[in-house]
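*Asks:* A single structure is presented below for examination.
The values are calculated or read from the model by the stated rules, or taken from the named source; none is laboratory data. Keep in mind that what you see is a predicted model, and the values were worked out from it rather than measured. Every residue, glycine among them, receives a Cβ derived from its backbone with ideal geometry; neighbour counts consider all protein chains shown.
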Amino acid sequence: MIRFLAAVLVAALSLSAAQARNAPDSFSGLAERLSPAVVNIATLSADKAPDGSLDFTAPPGSPLERVLRSFGGKTPQRVQSLGSGFIIDASGIIVTNNHVITDAVEITVGLADGSRLPAEVIGRDPKTDIALLRIKPRRPLIAVSFGDSDTAKVGDWVLAIGNPFGLGGSVTAGIISARNRELAAEIYDDFIQTDAAINRGNSGGPLFDMDGRVIGVNAAIISPSGGSIGIGFAIPANTVAKVVAQLREYGQTRRGWIGVNVQGLTDDIASGLLADGAHGALVQDVTVGGPSAVGGLKRGDIIVKFDGKDVADDRQIQRYVVETKIGRTVPVNVLRRGKKLSFNVKVASREQHERTAVAQTRPAGPAPKPQPTSLGLKLSALTPEIRARYRVPMATDGLLVVAVDRNTAASENDIRPGDVIVEIGQEPIKTAQDLNAKIAGAKKARRRVVLLTLSRAGELSFRALKLPLRQG
């Protein structure tokens with residue numbers, strides 16, 4: 001029996017060792033095969049003249065330089081930047097970072113054989129920092145393909161090839177240090193972290209797995225000196241591939257939008273919404289006339305499923321929505337005050353919504369006298385002058401926070417001057433007396449928290465303020 005168990009243990013260890021990928025003896029074969037698909041990108045940008053007109057540059061010593069000097073008194077400085085990219089189609093389609101080519105009036109791509117070709121922009125997406133370029137080579141190029149970044153694991157070996165500091169064809173190796181890193185990106189905030197050396201000029205270059213597939217696009221580093229300290233970030237290939245497909249087909253992205261703003265769900269907020277232990281994305285606000293409003297969603301709903309997929313947090317629901325095909329009607333499951341409800345929401349175009357959004361402003365004037373509250377807040381009514389001064393949208397009703405006392409539950413919950421308290425306990429509020437009465441009622445009912453709905457720069461969020469229980 002003991003011999004049998006020992007044999008089983010040896011077999012299990014052997015299988016585990018076979019499944020794990022050992023560190024390669026050398027990366028030379030991989031580097032040699034992949035390097036021809038990695039390109040250097042140089043851009044030239046025009047300076048802005050003081051009057052807002054475009055400045056132009058000329059080669060030093062050229063006749064054009066003398067002409068420009070005669071008209072302007074000085075020659076504007078050319079603005080150059082360097083970056084990396086990689087070929088995904090042998091005909092000359094190249095992926096890079098959008099920030100590499102921002103404001104460029106001229107883009108030049110340097111190939112591994114030393115040739116340099118002008119490039120045109122097929123499309124760009126600032127939200128994911130991805131751009132797609134096209135060059136016209138004389139013969140087919142070597143291209144690489146995207147891998148499945150979702151299968152990449154912490155500890156896997158990776159290879160970065162790029163153009164750091166203008167030193168083209170540089171190869172660095174490392175491992176995936178972490179997944180799902182947040183860098184405050186606009187929509188997609190799900191970066192791969194690596195310790196493979198990434199420096200200035202590596203932006204837009206590929207991060208390869210050991211099968212030679214692109215699993216990320218190098219985009220950012222953390223460094224006090226500007227050089228690599230082993231903390232680099234890449235946009236996951238699964239995100240990039242979707243964006244690239246849309247840019248190739250349409251020249252722009254086509255993202256889904258359902259007209260809600262969401263935030264993370266804490267235990268205290270869930271308790272305040274009568275949904276203890278719930279997980280999901282909390283609806284901060286619902287756009288009037290938008291898909292979710294038409295479908296029946298309301299502020300304070302907790303989205304637990306979208307199109308049949310479980311929603312773990314606010315980041316996940318945002319990815320689900322933007323990746324959903326425009327025009328589809330999908331089921332959305334929510335918790336509303338502890339009750340399970342389901343709605344059908346037709347996904348609209350995010351880009352179309354952004355193009356039609358209009359901001360409203362009013363002239364400024366004197367502020368009314370602030371009113372104190374039992375929460376350590378000083379509040380003001382929303383007059384037209386206050387709305388204009390603090391840029392409060394006309395659709396927002398409530399009380400403006402003028403001041404916040406230190407060492408109070410309000411300050412600990414990041415309530416700031418300029419915020420607007422829209423609701424307390426999911427009921428509208430119009431005066432400081434209303435708020436004080438609600439607080440007193442909550443204390444009398446021995447509630448642990450009181451839920452405030454805030455509007456900050458037009459975006460709604462929830463704050464759960466803990467209350468001291470009455471004694472006796």
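*Asks:* Residues to consider are G205, G201, G212; find the one that is closer than 16 Å to N98 by Cα and at pLDDT 90 or above.
*Replies:* Details: G201 fails: at pLDDT 90 or above; G212 fails: closer than 16 Å to N98 by Cα.
The conditions single out G205.
*Asks:* Name, by its number, the condition in (1) within 11 Å of D89 (Cα to Cα); (2) buried (at least 16 other Cβ atoms within 10 Å of the Cβ); (3) not charged (D, E, K, R) that does not hold for T172.
*Replies:* So T172 meets the others, but not (1).
*Asks:* Can you find, within segment 87-122, the residue that is surrounded by the most Cβ atoms within 10 Å (Cβ to Cβ) among those that are among the hydrophobic types (A, V, I, L, M, F, W, C), under 16 Å from L247 (Cα atoms) and touching a residue at least 40 places away in the same chain (Cβ under 8 Å)?
*Replies:* V95
*Asks:* Do you know which of the residues in segment 176-198 that are over 17 Å from the mean Cα position of the chain (by Cα) and crowded, with 23+ Cβ neighbours inside 10 Å is modelled with the lowest pLDDT?
*Replies:* Among those that are over 17 Å from the mean Cα position of the chain (by Cα) and crowded, with 23+ Cβ neighbours inside 10 Å, it is I198.
*Asks:* Please go through segment 123-157 and pick out each residue that is crowded, with 18+ Cβ neighbours inside 10 Å, more than 24 Å from A90 (Cβ to Cβ) and not aromatic (F, W, Y).
*Replies:* T128, D129, A152
*Asks:* Name the residue, out of I421, I415, that is in a loop (DSSP other than H, G, I, E, B), under 31 Å from the mean Cα position of the chain (by Cα) and under 16 Å from G272 (Cβ atoms). First the steps, then the outcome.
*Replies:* On the way: I421 fails: in a loop (DSSP other than H, G, I, E, B).
Unique residue meeting the criteria: I415.
*Asks:* For G162, all conditions in the list (1) crowded, with 20+ Cβ neighbours inside 10 Å; (2) more than 22 Å from D209 (Cβ to Cβ) hold save one; what is the number of the exception?
*Replies:* So G162 meets the others, but not (2).
*Asks:* Name the residue, out of L400, L451, that is more than 27 Å from L274 (Cβ to Cβ), at pLDDT 85 or above and buried (at least 20 other Cβ atoms within 10 Å of the Cβ). Steps first, answer last, please.
*Replies:* Values: L451 fails: more than 27 Å from L274 (Cβ to Cβ).
After applying the criteria, what remains is L400.
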